[in-house]
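Asks: Have a look at the structure that comes next, please.
The values are calculated or read from the model by the stated rules, or taken from the named source; none is laboratory data. Values in this document were obtained by computation on a predicted structure and should not be read as measured data. Note that each Cβ is placed from the backbone with ideal geometry, even for glycine, and that neighbours are counted across all protein chains shown.
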């Protein structure tokens, strides 16, 4: 009886230590833009920030393990005052996205987080594999929009949708 109790106490201690370690790992880690304009929380340590190579400015991109499993680019857009976000999304589809192989536009949805906006989804192919994209257009003020552009293999983007939503909801401007 005594030995069983000690074994159970030891197992309980191990479980509590393991739970505490997992809870610490699960904490969100804030990432700040290279120009200190905004912060975003990454919900998993699988998301890694890397400098964007082709950019003359210091920009980060985020990769979820492998680029085909999840890739995020963020950019700031200056628009004419009062430009509807849906117009910005349609313009990007017409000028950039529709030229992707196998492009199929998806629906727009309203989105609410620290900054509100819309999402625009689409599908395309890359090297014969079905891919998907989801762009969060977040309105900072009547002239400033931040676009969070996620791409991944179609089934992976759907699988990490809760994480892309959490990242977009956590997006916030730095207080100066």
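Asks: Just a yes or no: is a residue in the stretch 72-85 over 21 Å from residue 139 (Cα atoms) and either modelled with pLDDT of 95 or more or touching a strand residue (DSSP E or B) at 6+ places or on another chain (Cβ under 9 Å) (or both)?
Replies: Of all residues in the stretch 72-85, those over 21 Å from residue 139 (Cα atoms) come to none.
Among the residues of the stretch 72-85, not one is over 21 Å from residue 139 (Cα atoms) and either modelled with pLDDT of 95 or more or touching a strand residue (DSSP E or B) at 6+ places or on another chain (Cβ under 9 Å) (or both), which makes the answer no.
Asks: Here's a follow-up. Which ones in the stretch 110-139 are at pLDDT below 95 and surrounded by 16 or more Cβ atoms within 10 Å (Cβ to Cβ)?
Replies: 113
Asks: Right, here's the next one. Which of the numbered conditions does residue 155 fail, given that it passes all the others? Conditions: (1) more than 19 Å from residue 61 (Cβ to Cβ); (2) over 17 Å from the mean Cα position of the chain (by Cα).
Replies: (2)
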